[in-house]
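Asks: I am attaching a structure below and will ask some questions about it afterwards.
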Amino acid sequence: MVRGGPKLGHGRRRELGQSFQDGGKHYQKVRPGYPAEAAEWLVPVGAHDVLDVGAGTGKFTELLLARGLAVTAVDPSADMLDQLKAHYPDATAVLATAEATGLPAASFDVVTVAQAWHWCDAPAASTELARVLRPHGTLGLVWNQLDTSVPWVHRLSRIMHAGDVYKPDHRPLVGTEFVQLEGHVTHWQDVVGTNDLIELTKSRSYYLRAGEATRAKVLANLDWYLHEHLGHSEDEELNLPYLTLSWRAVKA
C-alpha cells in the first residue's frame, strides 16, 4: 500500500464532502476542466468501458467521451449528476459512491477518479474499484491544483484557502489491489476573469462550510488582492496557471 494524501479524519472528510451535495449548477459553471493530455496518459490503448467515479458535473467525463469511450459516471450527489446528464447525455449516470458502486464485477477496463479520491475511504474504495475492473484494468486518479510555484498564485491560493501546494514526493493512498503506481504532471493555464476567481472561491469546500463572517472576510480579501493590490480590472482576462496531477495503477 502506498501512503500519502490529505490528513483528514473520516468525520472531517465526510463533513467537507457533503459541501458538494448541492450547487451543481454553480460548480459546473466555475470549476475548470482538465487538459486532454491527462486523459491521453491515463487511458491505455484498446480500452473501451470506463467508470468515472466521483464524476460530479462531468468535468473529466467530457474528456473520456471525447475519446469515444463508453462512460458510466458515478457520484453520490443527485444535484451534480443532474448537471452531468444535462451536459453529457451520452454517459450513463449512476447515483452511488466509490466504496459501493452497485455495478457488476469485471465490467470496466479503466476507472477514473478526478478531484475526488481525497473524499473517499481509500482502502474500501480500492477494494470496490478493483472488483468492477477487469483483469489488469487501470485505476486513474486526477487532481487539478493551482500552480503555487508562481508567486501571485501562491498568495491567491492562501486567500482562497485552496490548500493547493504541489509536493513532488506525494503519493496517493491506494489499496494492495493495485500495483505499478506512477505519476504524471501537466502544466497548463485557464483563462479567467477576476469575477471568475471570486466565483471559483465560492465553489471550494472551505468557503461552502464557512459561516457568513468568514465568507465575507474571504471575499473582501480576494477583492482587495485582485483589484487593488494586483490592479486588475473586473473585465480583464488572466491566465491562471494550473498543474494537473495524474496517477495510474494496474489491478494486481
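The values are calculated or read from the model by the stated rules, or taken from the named source; none is laboratory data. Predicted model only: the values in this text are computed from it and were never measured. Note that each Cβ is placed from the backbone with ideal geometry, even for glycine, and that neighbours are counted across all protein chains shown. Note: accessible area is taken over every heavy atom of the protein model, side chains too, but ligands, DNA and RNA are not part of it. Shrake-Rupley method; radii C 1.70, N 1.55, O 1.52, S 1.80 Å.
Asks: Between residue 107 and residue 86, take the C-beta separation as r, use R0 = 22 Å, and let me know the FRET efficiency to the nearest 0.05. Walk me through the numbers before you get to the answer.
Replies: On the way: r = 25 Å, r/R0 = 1.14.
Given R0 = 22 Å and the Cβ-Cβ separation, E is 0.30.
Asks: Can I ask one more? For region 107-252, give the magnitude of the charge dipole about the Cα centre (Cβ charges: +1 Lys/Arg, -1 Asp/Glu; no others), in debye to the nearest 20. Please list the in-between numbers first.
Replies: Numbers: 13 positive and 18 negative charges, 144 e Å.
Taking the Cα centre of region 107-252 as origin, the dipole is about 700 debye.
Asks: Hey, how much of the P(r) for region 135-252 falls beyond 18 Å, as a percent of Cα pairs? Present the calculation step by step, with values, prior to reporting the outcome.
Replies: On the way: 4041 of 6903 pairs.
Considering region 135-252, 59 percent of its Cα-Cα pairs are separated by more than 18 Å.
Asks: Follow-up. Carbon and sulfur together cover what percent of the accessible area of region 101-231 at a 1.4 Å probe radius?
Replies: 52
Asks: Okay, moving on. Gain in length, residue 171 to residue 221, computed as 0.36 nm per residue apart minus the alpha-carbon separation, to one decimal in nm? List each step's numbers first, then the result.
Replies: Details: separation 50, 0.36 × 50 = 18.00 nm, distance 3.28 nm.
Full extension of this stretch gives 14.7 nm more.
Asks: Could you check the simple spin-label distance between residue 233 and residue 187, using points 7 Å along Cα→Cβ, in nm with one decimal?
Replies: Spacing of the two 7 Å Cα→Cβ label points: 3.0 nm.
Asks: On a 0 to 90° scale, report how tilted helix 122-132 is relative to the longest principal axis of the chain, with both axes built from alpha carbons and the result rounded to the nearest 10.
Replies: Long axis of 122-132 versus the principal axis of the chain: about 50 degrees.
Asks: Heavy-atom accessible area per residue, the chain, 1.4 Å probe: how many Å²? Kindly include the intermediate steps, with their values, before the conclusion.
Replies: Details: 11910 Å² over 252 residues.
Accessible area per residue: 47 Å².
Asks: Stretched out fully, how many nm does the piece from residue 199 to residue 37 gain, at 0.36 nm a residue minus the Cα gap? Mind showing how you got there, number by number?
Replies: Details: separation 162, 0.36 × 162 = 58.32 nm, distance 2.61 nm.
Answer, rounded to one decimal: 55.7 nm.
Asks: Gap in Å between the Cα centre of region 143-172 and the Cα centre of region 196-252?
Replies: 11
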